[in-house]
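Report on the structure given below.
The values are calculated or read from the model by the stated rules, or taken from the named source; none is laboratory data. This structure is a prediction, so every number in the text was calculated from the model and none was measured. Positions of Cβ are backbone-derived with ideal geometry, glycine not excepted, and every protein chain shown enters the neighbour counts.
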Amino acid sequence: METRKSDTEKRSERRASLLAAGRALFEEHGFRAVSIARIAGEAGLSSGTFYNYFSSKEAFYDCLLDQIEAEGMRNADLLVSRLRSPMNKLRALYRLITLGLRRNPIVRGVLLHKPAYLYPGMSRRMQRSQGLRRYLERMVADIIREGTRKGVFRSSLYHNPSAMVNAIFDSIILHIEDENVDELLADLAVFLQRGLRRTLRLRRRDERLDRRRFGDQAEWI
């Protein structure tokens with residue numbers, strides 16, 4: 001016997017369909033080139049139905065960006081919570097950021113300030129404290145403190161090691177579309193590891209345990 005869906009379930013499905021359609025269109029064409037009518041059409045709905053859920057294309061885009069950022073936060077939390085070594089946690093975040101930028105044209109376009117992916121007022125969104133970028137910065141600071149407490153990181157060499165690591169992550173954003181980006185990413189990974197980590201072998205127990213449990217870094221994500 002087929003169960004009839006409630007009005008709440010139908011509304012939720014229509015909203016999800018609009019967001020999925022919009023995400024696919026924005027990834028391919030950017031924000032400016034996609035109309036509300038096209039989003040609704042791809043979702044199998046009318047433009048009028050769109051306005052039952054979102055007040056404007058900008059409000060829709062904000063909601064979509066919230067969804068993408070929430071996914072990034074969940075993925076970062078899940079990844080870091082599985083690992084014991086502070087060094088591996090930083091490596092994992094580094095890999096998560098690089099893969100995220102490569103796989104998500106919307107995130108890449110917003111962070112690189114590409115006109116096709118921006119709208120008036122976007123700068124205010126970028127500065128808010130609850131966004132993905134600020135969230136990752138706080139995660140880096142927590143990992144640095146953990147690594148310093150455990151004696152894994154030689155943080156005393158630097159005035160502000162958290163700011164230094166975040167600057168490295170920012171350089172990834174700025175150069176992610178460069179022709180030689182793979183070489184740059186490899187060099188930054190080595191610099192990050194050797195610049196922070198103490199040389200004492202006995203400090204690497206957690207790294208060995210992570211490798212035994214989850215395999216090499218390429219398998220973490």
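Among the residues of the range 70-82, is any of a type in the set (D, E, K, R), within 13 Å of the chain's Cα centre (by Cα) and more than 19 Å from LEU25 (Cα to Cα)? Scanning the range 70-82 turns up at least one residue that is of a type in the set (D, E, K, R), within 13 Å of the chain's Cα centre (by Cα) and more than 19 Å from LEU25 (Cα to Cα). When LEU93, LEU78 are checked against the criterion of being in contact (Cβ under 8 Å) with a residue 24 or more places away in the chain, at negative phi and aliphatic (A, V, I, L, M), LEU93 stands alone in meeting it.
Within the range 89-121, the set of residues being surrounded by fewer than 17 Cβ atoms within 10 Å (Cβ to Cβ) and hydrophobic (A, V, I, L, M, F, W, C) comprises LEU99, LEU112, ALA116.
So which residues in the range 141-155 are closer than 19 Å to PHE191 by Cα and touching a Lys or Arg at 6+ places or on another chain (Cβ under 9 Å), if there are any at all? Within the range 141-155, ILE143, GLY147, THR148, GLY151, VAL152, PHE153, ARG154, SER155 meet the criteria. Comparison of ASN180, ASN166 shows that the only residue that is exposed (fewer than 11 other Cβ atoms within 10 Å of the Cβ), at pLDDT 85 or above and under 23 Å from the mean Cα position of the chain (by Cα) is ASN180. Checking every residue in the range 123-135 against the condition of being surrounded by fewer than 14 Cβ atoms within 10 Å (Cβ to Cβ), more than 16 Å from the chain's Cα centre (by Cα) and not acidic (Asp, Glu) gives at least one match. Whenever a residue of the range 152-166 is free of Cβ contacts under 8 Å to residues at least 12 places away in the same chain and in the same structural domain as LEU188 (by TED's automatic domain parsing), it has no partner that is in a loop (DSSP other than H, G, I, E, B) and small (Gly, Ala, Ser) lying with C-beta atoms less than 9 angstrom away and at least six residues away or across chains. Residues in the range 83-128 that are assigned to a helix (DSSP H, G or I), of a type in the set (D, E, K, R) and within 22 Å of GLY151 (Cβ to Cβ): LYS89, ARG91.
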